[in-house]
Amino acid sequence: MKGQGENMSEGKKKLSAREYLGQLEELDNNISQDLERLEEMKTDACSPGGIDYSKDRVQTSISGDKLGGQVTRYVTFNEYINSEIGRFADAKEQIISEIRGLHNTHYIQLLFKVYVQFKTLKVAADEMKMSYQYIRNVHKKALAAFEKTYANLHYLT
């Protein structure tokens, strides 16, 4: 737990370039998962539960209240996802701008492919028509240049 104590005293944790840039993929995955959850909520709200007609009906408003609650949760969660998408778009634009601020064509091209398009180094090497080993070395240098250029990397959200 050494790291947590240090983080609290600093306020925000300083990230490596790899951690900082990797936030986009994490945000994208979170949004995808939330969209799946939203679809499940929609299905649950639209499918009527089983109704037991063998019992006397005493009160019918409970199912209406349940549906209203489900719709309210759906709408609220949908609004949350829209705000998440907005934060993702802002973070993506910031990271693209920072990557382009390196002013090195190979670094920019590689970091964009890996951290904005979420491609592997192998795929990036193939697309850039360079050897995998060379791309690995360029990647290390690009991350070092990113950390040198942007010294105070932190969580975006």
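Using the structure shown, select from 42/113; 92/140; 14/92; 42/92; 13/42; 13/129 the pairs with a Cα to Cα distance greater than 26 angstrom.
Over 26 Å apart, Cα to Cα: 42/113; 42/92; 13/42; 13/129.
On a 1.4 Å probe surface of the protein chains, which of 115, 80, 107 comes out largest in accessible area, and what is the full order?
80, 107, 115
How many angstrom lie between the C-alpha centres of region 136-151 and region 64-90?
Using only Cα atoms, the two centres lie 38 Å from each other.
Accessible surface of residue 120 in the full protein assembly, 1.4 angstrom probe, to the nearest 10 Å²?
Residue 120 exposes around 80 Å² with every protein chain in place.
Probe 1.4 Å, all protein chains in place: accessible area of residue 21 in Å², nearest 10?
Estimated to the nearest 10 Å², residue 21 gives 0 Å².
For residue 126, what accessible area in Å² do you get when you roll a 1.4 Å probe over the heavy atoms of the protein chains, rounding to the nearest 10?
Taking all protein chains as shown, residue 126 has close to 90 Å².
Using 0.36 nm per residue, how much length does the chain from residue 89 to residue 31 gain when fully extended, once their Cα-Cα distance is taken away?
Extra length from residue 89 to residue 31 when fully extended: 19.7 nm.
Could you check the spin-label model distance between residue 145 and residue 104? Points 7 Å from the Cα along Cα→Cβ, value in nm.
A separation of 0.4 nm, rounded to one decimal place.
Just by accessible area at a 1.4 angstrom probe, what is the order of 119, 129, 14 from largest to smallest?
Largest to smallest exposure gives the sequence 129, 14, 119.
The values are calculated or read from the model by the stated rules, or taken from the named source; none is laboratory data. Just so we're clear, the structure is a prediction, and the values are computed from it rather than from any experiment. Note: ideal-geometry Cβ built from the backbone for every residue, glycine included; neighbour counts use all protein chains shown. Keep in mind that these areas ignore ligands, DNA and RNA; they rest on the heavy atoms of the full protein, side chains included. Shrake-Rupley method; radii C 1.70, N 1.55, O 1.52, S 1.80 Å.
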